[in-house]
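Readers should treat all values here as calculations from the given coordinates under stated rules, not as data from a laboratory. Everything quoted here is computed from the prediction, not taken from an experiment. Every residue, glycine as well, gets a Cβ built from its backbone with ideal geometry; the counts of neighbours run over all protein chains shown.
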Amino acid sequence: MTTMRGPFDRVPLDELFPHVDDLGRQRMRRAVAMVDAVRPADQTPDWEWWPHHINFPGAAVGVPEILLTEFSLYDDRVDWLAMAIDVEWTAAGRLRVCAAVEVACWCTENHNAHYAPSLEIPVRDDASLEAAFEAAARQLTKWLEEPWDPEHWRARANLPQRFGTSCGGALEP
Ligand SMILES: [Zn+2]
């Protein structure tokens, strides 16, 4: 169970997604360039991938991911904000592409983190992986235009704030 890690030009796209053709791989690379261009300038673009998840490994292992990048937008040790995009398997063994804003939880009951918001795009057939990936990357770049402030994203999702007292949040899967 090895996690591979590196810049996107080291990601073996043809191995991870054997049904995506040359044009599809080009589209994925362009979408990645869009994400890597807008992530924080002080962070080296870093991708993770899991070759042993190329074929659906079953639902027993949680959410099997094939490809992921995450980056921090804010972190003062007690409060934080991050964004992520990944290609993963659903419990039913279908591929999907997810983009998510991840923000620290300040509910009375500690959920650690909330996805606020997230976008999950099902991959309906072999040909639509690159389209789903592009759509998720586009959404991520739009979110990046909003303030890189955890309070902004908690307010947007009606979650309790760091210095607030109410608790209305529930953990999203
Ligand atoms: Zn919470």
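The table below gives the values:
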| read-out | value |
| --- | --- |
| Any pair with Cβ under 9 angstrom, 6 or more apart, that starts in region 135-161 at a residue that is part of a loop (DSSP other than H, G, I, E, B) and ends at one that is of a type in the set (D, E, K, R) | Leu144/Arg39; Glu146/Arg156; Pro160/Arg154; Gln161/Glu151; Gln161/Arg154 |
| Count - residues of region 11-24 that are in a helix (DSSP H, G or I) and either polar (S, T, N, Q) or within 19 Å of the chain's Cα centre (by Cα) (or both) | 2 |
| Of all residues making up region 108-127, the number that are farther than 20 Å from Ala91 by Cβ and either away from the ligand (no atom under 16 Å from the Cβ) or of a type outside the set (A, V, I, L, M, F, W, C) (or both) | 9 |
| Selection count where residues are in a strand (DSSP E or B) and more than 10 Å from the ligand (Cβ to nearest atom), scope region 94-107 | 8 |
| Subset of region 89-123 (residues that are among the charged types (D, E, K, R), farther than 22 Å from Tyr74 by Cα and in contact with a strand residue (DSSP E or B) (Cβ under 9 Å, 6 or more places away or on another chain)) | Arg94, Arg96, Glu120 |
| Residue count, region 85-114 (criterion: surrounded by fewer than 18 Cβ atoms within 10 Å (Cβ to Cβ) and of a type in the set (Gly, Ala, Ser)) | 4 |
